[in-house]
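Okay, so here's the structure we're looking at.
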Amino acid sequence: MKKKDPYEALRYTEFKYFLAMRFAMVFAWSMQFVIIEWEVYKLTKDPLSLGIIGLMEIIPAIGMALFAGHIVDQSEKKSLLVKCILGFSVVSLGLFLITVPSITKDLSLRNTLYTIYGLVFLGGLVRSFLGPTIFSLLSLLVPKKTYPNAATWSSSTWQMGSMFGPATAGFAISIIGVHWSMCLVFTFSLFALLFLAKIERKPILNPKIGEPIFQSLAEGVKFVYKNKTILGSISLDMIAVLFGGAMALLPIFAQDILKVGSEGFGILRAAPAVGSVITMILSAYISLNRKAGIKLLAAIFMFGICMIVFGLSTTFWVSVLAMFLSGVFDGVSVVIRNTILQLHTPDNMRGRVASVNSIFVGSSNELGAFESGLTAKLMGTVTSVVFGGTMTLITVAYTGFALPSFRKLDLEKDVENLQNGE
């Protein structure tokens, strides 16, 4: 096997602009979501309201996902991505305006919340196109043999944006307030457009342009269902995120349990991403491809353990450590899953496969937020998090015993074949 070059993908200029664009977008999006969470809980003091934020994003994200995948596969990727970023900019500008103190004061609480939820809903529509478009564009910027390395750097950039966005949001809320924090979000969306302008338009690789939409959708779903490697990895991650995640409840932990304010909230929100970034950067040097199935199962199991520890903790730095380690193990999961998707997805189906993935994994973040808010309302906040972590452990144990072929998953040969040009 050829010697691994950890910077292989970074030697392509357009890919570097792609990473800068992706960082700006993820930074802006994660910062915006944290600001919304903080403001809504501050206004309502109701954990269910945090769940509704997730529900407002998941409805359009799931409802439009498959259709978005079809459109992505039929469209030129750069032009479509420009439209996605412009759509996000409109949403962030709307949130900037609705958080003007004089407007917030004049509007009733109900009208303010409905406006925020409505803008989040529009953001969900944008998101249904954004993820598949970015996934598809990446494969057009580097040769196939570079896909695994490019996927690692792309995932690392996503996690860096997820790390710095929430941390910046927490401190920005404290220093300049919610309103001007939203102005910063809007500014970063404009930066994303500037970086994207440096990338040339790419050819459409789908040979079935004009294919009937429902035939196209059925083909995409059928492909994922038949590919047990892809189906198993995204299903397992979906369950972990759906039940095991506690991100939506962090405003409650920060304000009512740990009592650490917006700065502590920003640290808690960023801690998982810090862990993920460290894992992903290391994975550029140390391969996770050998015995990938066992590593994926172990990582998600340890993620569940971290969530239980976080739920039970009443000490701030223990909670931060638990969230940090959850990010370390989640990073392993993300790297392996993204490598599977890049290696096993044909070029002409990337939009549709990415859309199915977004339903399973991406949207499970928002559905998980709703589940967390609902269970916190019914069980209490701490019990809700411990319950979710326990469900993750049970799911991993069942998958490990029920699917022995998944335990034996090894990606080393696939990577070798790409590097050898096969």
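Here are a few things to note about the model shown:
- Residue match in the stretch 198-208 (condition: under 21 Å from the mean Cα position of the chain (by Cα) and either modelled with pLDDT under 75 or not small (Gly, Ala, Ser) (or both)): no
- For the stretch 76-100, a residue qualifies if it is of a type outside the set (D, E, K, R), within 16 Å of Ser128 (Cα to Cα) and crowded, with 20+ Cβ neighbours inside 10 Å, and the qualifying residues are Leu80, Leu81, Cys84, Ile85, Phe88, Ser89, Val91.
To keep it simple, each residue is scored yes or no on (1) closer than 21 Å to Asn357 by Cα; (2) touching a Leu at 6+ places or on another chain (Cβ under 7 Å); (3) buried (at least 23 other Cβ atoms within 10 Å of the Cβ).
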| position | (1), (2), (3) |
| --- | --- |
| Asp256 | no, no, no |
| Phe265 | no, yes, yes |
| Thr279 | no, no, yes |
| Gly311 | no, no, yes |
| Val320 | no, yes, no |
| Val334 | yes, no, yes |
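- Pairs are defined by a Cβ separation below 8 Å, a sequence spacing of at least 6 or placement on different chains, a first member in the stretch 248-259 that is β-branched (Val, Ile, Thr), and a second member that is part of a helix (DSSP H, G or I); the pairs so defined are Ile252/Tyr41; Ile252/Pro47; Ile252/Leu50; Ile252/Ala376; Ile252/Thr381; Ile257/Thr381; Ile257/Val382.
- Residues of the stretch 34-59 that are assigned to a helix (DSSP H, G or I) and either without any contact (Cβ under 8 Å) to a residue 24 or more places away in the chain or basic (Lys, Arg) (or both): Lys42 alone.
- Filtered residue count, the stretch 27-61, keeping only those that are crowded, with 20+ Cβ neighbours inside 10 Å, hydrophobic (A, V, I, L, M, F, W, C) and over 24 Å from Phe186 (Cβ atoms): 1
- Residues that are among the acidic types (Asp, Glu) and touching a helix residue (DSSP H, G or I) at 6+ places or on another chain (Cβ under 7 Å) were ranked within the stretch 381-418; the one that is modelled with the highest pLDDT is Asp410.
- Condition met for Ile71 (at pLDDT 80 or above and closer than 21 Å to Ser136 by Cα): yes
- Among the residues of the stretch 260-290, those that are of a type outside the set (Val, Ile, Thr) and part of a loop (DSSP other than H, G, I, E, B) comprise Ala284, Tyr285, Ser287, Leu288, Asn289, Arg290.
- Qualifying residue in the stretch 5-18 (condition: under 18 Å from the mean Cα position of the chain (by Cα), part of a helix (DSSP H, G or I) and surrounded by 23 or more Cβ atoms within 10 Å (Cβ to Cβ)): yes
- Selected residue (only one of Gly304, Gly293 is in a helix (DSSP H, G or I) and either of a type in the set (A, V, I, L, M, F, W, C) or modelled with pLDDT of 85 or more (or both)): Gly304
The values are calculated or read from the model by the stated rules, or taken from the named source; none is laboratory data. Worth saying up front: this structure is predicted, and the values here are computed from it rather than measured. Every residue, glycine as well, gets a Cβ built from its backbone with ideal geometry; the counts of neighbours run over all protein chains shown.
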